[in-house]
Amino acid sequence: MIPKHICERVLAVAASTGADYAELFGENTLNHSIEVIGGKVDAINDATVAGAAVRVFKGLRSVMATTVDTTEEGLVKCAAAAAEALGQGTAEISIVLRGRLFGDIHPIKTVPADVSNAEKIALVKEGCAAAKEYDASVVQVTGTLLDVDHNILIANSEGVYAQDRQIRTRMMISAVAEKNGETQTGGCRPGARMGMELFETVSPRETGIHAARQAVTMVNAAYCPAGVMPVAIENGFGGVIFHEACGHSLEASGVAYGNSQFCGKLGQKIANEKVTAIDDATIPNAWGSFNIDDEGTPAQRKVLIENGVLKSYMVDKFNGRRMGMPSTGSGRRQSYAYTPTSRMSNTFLAPGTDKNEDIFASIEYGLYAREMGGGSVNPVTGEFNFAVNEGYIIRNGKVCEPVRGASLVGKGSDVIQKIDMVGAELECGQGMCGSSSGSVPTNVGQPLIRVSSITVGGR
């Protein structure tokens, strides 16, 4: 993208006023999407994001400047702006870049840009048709096929000169069911760091049926009763509970400033001994994976919690300075326009040994959260509130009638103490995580788990 000799000149200018670290991040990303509403193509969108950012550190000071002018002149000008903002001084570091190849463990068989819009539209329409035909109560279906070709370059004063190409593809089907003037929505959104070969394992038809079944089930459900009760949370996107309620509190962006419920607790038991939590950016072709993070550090597998004991935080370069810890390959950003910080990648609870049937049988009366939705969390306190997109009452160890309008309310540090049964069947779900460095693709996952006691919101 940007020749090495130009990067060296840009970094030298950036470091000219006394920076002890300088970094150049270049990006060229093509976003392509097709949206189908009511069986008809509503929009085909192409958007290119291209630009660069220069960042410099001096001790615990950080300055970043950005530009869309990626000519040598434009980059030097951007670097000079960052250097001037950092302060007055003289160059203290020398810049010598060495090209680094970290390997690509995410092979792409079919680049989405090489596939016609007509073929992509056919896939979306297949999913939408399956959803619409599922039941007469389905009144609206929306389908989207998204593919992203994200190309980045990182050069820094530590000698790194590296590139990564990240191709991701995702299908999203949303169905609305109506009964007696009330509506409920169901959705299914599979994706991976793959090309169009995603559809060798993901069926558009099954994606549409999943969305419609959920909407129809919920529109025919009564409202969930409120109370404190045990809850069984299904695998896959159920992992969003750990991601939001605990994962963000293990990011250095909060820990470095004392704004986390888990500050100063490395080596301490913070969860039930059945809880082992991992963040792994090295899983081949997983939605949240990468070869290098957005600071040029190789992707890593990090055990965050092992048998209930806090083992690691997720650390980026700048916050690592404040913490006295090296980067864990967790520095991520949506684009060159955002300052990178510590973020999750593929974060999940590891499989346990409990059988699913034993988990259900252990609950005399409670809630089965088959699929979780969105919510909110305060990473400082860990207090969260999450919607249950699809829920069922458990009676005498049996999954009974569906209920809607359920939510789970609690505190992250409490809920991980109450995860007392963990199944063996790990699955992950895909999402986009928003934070100070923008929106980045993340996987969340877990086996079926039991939370012994939690507040369920309802009616």
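The values are calculated or read from the model by the stated rules, or taken from the named source; none is laboratory data. This one's a predicted model, so the numbers in the text were calculated from it and none came from an experiment. Cβ: placed from backbone, ideal geometry, glycine included. Neighbour counts: every protein chain shown.
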* Tally the residues that are part of a strand (DSSP E or B) and either outside the structural domain of A277 (by TED's automatic domain parsing) or under 30 Å from F290 (Cα atoms) (or both), restricting the search to segment 328-369. => 8
* Structure fact -> Going through (1) surrounded by fewer than 21 Cβ atoms within 10 Å (Cβ to Cβ); (2) within 30 Å of G99 (Cα to Cα) one by one, G258 fails only at (2)
* **Answer from I108, I95 - the residue that is in a loop (DSSP other than H, G, I, E, B), modelled with pLDDT of 95 or more and among the β-branched types (V, I, T)** => I108
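I'd like the residue in segment 6-32 that is in a strand (DSSP E or B) and among the charged types (D, E, K, R) and, out of all such residues, is nearest to A155 (Cα to Cα).
Out of the qualifying residues, it is E23.
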* To do: Scan segment 286-316 for residues that are under 23 Å from I167 (Cα atoms), touching a Lys or Arg at 6+ places or on another chain (Cβ under 7 Å) and surrounded by fewer than 22 Cβ atoms within 10 Å (Cβ to Cβ) and report the count.
  => 0
* Before we move on, is V303 of a type in the set (A, V, I, L, M), at negative phi and part of a strand (DSSP E or B)? -> yes
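A quick yes/no check of all residues on (1) of a type in the set (D, E, K, R); (2) under 29 Å from V56 (Cα atoms):
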| site | (1), (2) |
| --- | --- |
| V255 | no, yes |
| I270 | no, no |
| K274 | yes, no |
| T282 | no, yes |
| W287 | no, no |
| N291 | no, yes |
| G296 | no, yes |
| R301 | yes, yes |
| G308 | no, no |
* Specify the residue that is nearest to V415 (Cα to Cα); the eligible residues are those in segment 200-242 that are crowded, with 23+ Cβ neighbours inside 10 Å and among the aromatic types (F, W, Y). => F242
* Structure fact -> Of the residues in segment 397-416 that are part of a strand (DSSP E or B) and small (G, A, S), the one that is surrounded by the most Cβ atoms within 10 Å (Cβ to Cβ) is G410
* **Enumeration of residues in segment 266-289 that are assigned to a loop (DSSP other than H, G, I, E, B) and in contact with a Phe, Trp or Tyr (Cβ under 7 Å, 6 or more places away or on another chain)** => I270, A281
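Taking the conditions exactly as written (over 12 Å from I233 (Cα atoms), at pLDDT below 95 and of a type outside the set (D, E)), does C433 satisfy them or not?
Judged against the criteria, C433 is a match.
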* To do: Name the single residue, out of those in segment 97-114 being over 26 Å from the mean Cα position of the chain (by Cα) and surrounded by 11 or more Cβ atoms within 10 Å (Cβ to Cβ), that is nearest to R213 (Cα to Cα).
  => R100
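Among the residues of segment 365-422, what is the count of those that are basic (K, R) and over 12 Å from V231 (Cα atoms)?
The total comes to 3.
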* Filtered residue count, segment 29-60, keeping only those that are under 26 Å from T339 (Cβ atoms), under 23 Å from the mean Cα position of the chain (by Cα) and surrounded by fewer than 19 Cβ atoms within 10 Å (Cβ to Cβ) -> 7
* Asked: For segment 163-186, what are the residues that are crowded, with 22+ Cβ neighbours inside 10 Å, over 21 Å from D280 (Cβ atoms) and within 18 Å of the chain's Cα centre (by Cα)?
  -> M171
